[in-house]
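All remarks here apply to the structure that follows.
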Amino acid sequence: MNDRLHHGFLKQASAADLLQHYQAGATFFASPRRSLLAHGVKVVMPPCEPGQIAANAAAWLKEAGREGLPPAVLMGVLPFRLDGSSASPYLYMPQQLASGAGVDSAVAALNPAGQTTGAQLSTPPLMQPTPEGYRDNVRSALAAIRDTRFAKTVLSRSLTLDAQIDIPALLQRLAARNLRGYTFAVDLAEAEKDGAHRTMIGASPELLLARYGRELVSHPLAGSIPRSADPVEDRRRADGLLQSVKDLHEHALVVDAVAAAMRPYCKNLKVPATPSLLATPTMWHLGTEVRGELADLATTSLEVALALHPTPAVCGHPAAPAAKFIADTEGFDRRYFAGLVGWCDSQGDGEWAVTLRCAEVGSGSATLYAGAGIVAGSEPQLELLETSAKLRTMLAAMNLELMLEDEQVKAAS
């Protein structure tokens with residue numbers, strides 16, 4: 001890495017610069033506003049109870065800032081479940097950090113030299129649950145909703161590939177194809193210390209929480225439909241989503257919960273009355289940008305993000321019965337999928353995205369994840385197709401975009 005990029009917040013660096021300097025084993029995070037590239041691990045935050053994570057992180061950052069340790073920035077990824085039953089929270093201070101501008105059109109011009117192609121798959125991919133198993137899970141969720149156990153849950157599936165993945169090339173493709181999203185790659189070697197080399201990598205469309213001075217922003221997404229290659233049909237789907245009673249209900253559950261969680265931290269809170277459309281290369285989403293004025297500058301971005309997590313967008317509503325249903329039904333461990341990824345500095349500013357459109361990439365394998373929200377009126381086959389469309393964000397970046405369409409995925413029993 002060029003010495004010019006070694007230390008501090010170098011505003012003159014571009015997101016494209018940092019992407020080109022990324023190497024496997026580093027951490028990268030980029031948003032429309034800022035990009036960060038970290039090399040090396042100075043110190044990992046010690047394990048603690050979930051309720052102490054934010055306070056310990058704030059104390060840790062305050063002490064580092066007082067000691068003048070460069071850089072006083074915390075980065076990392078936290079799992080969907082924080083109760084110790086899954087992967088461990090991983091927050092650390094890097095040895096070297098470069099910061100640049102947000103993602104822009106220069107990123108789209110990057111042409112990765114590395115190739116990640118389906119021709120290198122050593123065995124057929126495995127899906128958990130099977131397509132029919134997923135539809136059965138949706139039917140079970142609908143029965144639970146009719147029994148008023150919860151109003152919404154979120155059901156996911158995973159796709160595991162045996163393949164050698166060029167992580168820097170994959171990261172560049174993800175960033176180039178998702179300019180308005182939150183692109184990330186976090187090396188997990190220090191997170192679990194089991195000798196395995198894994199990277200959590202993705203391009204999330206969803207901002208959980210950002211803090212810039214006194215400004216708090218969350219942009220929850222809920223209510224989605226796959227896009228179409230035909231422009232007329234694509235527009236019809238987008239317009240239909242804006243009018244869908246089922247999707248508007250699902251979206252309102254999420255926005256109401258996010259606003260309720262943010263309100264105690266804010267002097268005032270602005271919540272638009274109706275959602276807007278957010279487009280990704282594969283999906284249309286309903287989104288609402290919630291903005292607030294922070295009441296206390298001692299409150300960090302991580303503290304508010306943890307107060308929001310998990311939102312009904314990835315868990316359901318009410319959270320406790322929805323989460324129990326997920327644990328009892330999905331059949332696999334989400335680990336860091338549907339968790340949060342990002343950074344927080346010693347001033348409390350930071351950005352945290354929901355860990356979506358992602359994969360956990362190891363040596364010779366990768367596990368991809370996607371989910372869909374289930375509410376009254378959901379249809380099992382349509383929810384299955386929604387997860388397939390979401391998986392294609394990562395599959396396309398791996399040059400494997402045809403695999404689900406060609407039904408070449410072998411279901412795991």
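The values are calculated or read from the model by the stated rules, or taken from the named source; none is laboratory data. What you are looking at is a predicted structure, and each value in this text was computed from that prediction instead of being measured. For neighbour counting, all protein chains shown are included, and Cβ atoms are generated from backbone atoms with ideal geometry for every residue, glycine included.
Within region 215-244, being loosely packed, with under 14 Cβ neighbours inside 10 Å and not in a strand (DSSP E or B) holds for A229, D230, P231, V232, E233, R235, R236, D239, G240, Q243. Looking across region 347-371, just one residue is touching an Asp or Glu at 6+ places or on another chain (Cβ under 6 Å), surrounded by fewer than 24 Cβ atoms within 10 Å (Cβ to Cβ) and at pLDDT 95 or above, and that is T367.
Could you grab me the full set of residues in region 145-167 that are more than 18 Å from the chain's Cα centre (by Cα), assigned to a helix (DSSP H, G or I) and either crowded, with 18+ Cβ neighbours inside 10 Å or acidic (D, E) (or both)? I145, the sole residue that qualifies.
Give the residues of region 32-45 that are under 14 Å from A185 (Cβ atoms) and either among the polar types (S, T, N, Q) or in a loop (DSSP other than H, G, I, E, B) (or both), sorted by residue number. Once the filter is applied, which keeps residues that are under 14 Å from A185 (Cβ atoms) and either among the polar types (S, T, N, Q) or in a loop (DSSP other than H, G, I, E, B) (or both), region 32-45 yields only S35. Checked against (1) more than 18 Å from the chain's Cα centre (by Cα); (2) of a type outside the set (K, R); (3) not in a helix (DSSP H, G or I), D247 meets all criteria but (3).
Tell me which residues, restricted to region 357-385, are of a type in the set (S, T, N, Q) and assigned to a loop (DSSP other than H, G, I, E, B). Passing the criteria: S363, S378. Examine region 192-202 for a residue that is of a type outside the set (S, T, Y), surrounded by 24 or more Cβ atoms within 10 Å (Cβ to Cβ), touching a His at 6+ places or on another chain (Cβ under 9 Å) and closer than 25 Å to L308 by Cβ, and state whether such a residue exists. No, region 192-202 contains no residue that is of a type outside the set (S, T, Y), surrounded by 24 or more Cβ atoms within 10 Å (Cβ to Cβ), touching a His at 6+ places or on another chain (Cβ under 9 Å) and closer than 25 Å to L308 by Cβ. Of the numbered criteria (1) part of a loop (DSSP other than H, G, I, E, B); (2) closer than 21 Å to L174 by Cα; (3) not hydrophobic (A, V, I, L, M, F, W, C), the one P310 fails is (2).
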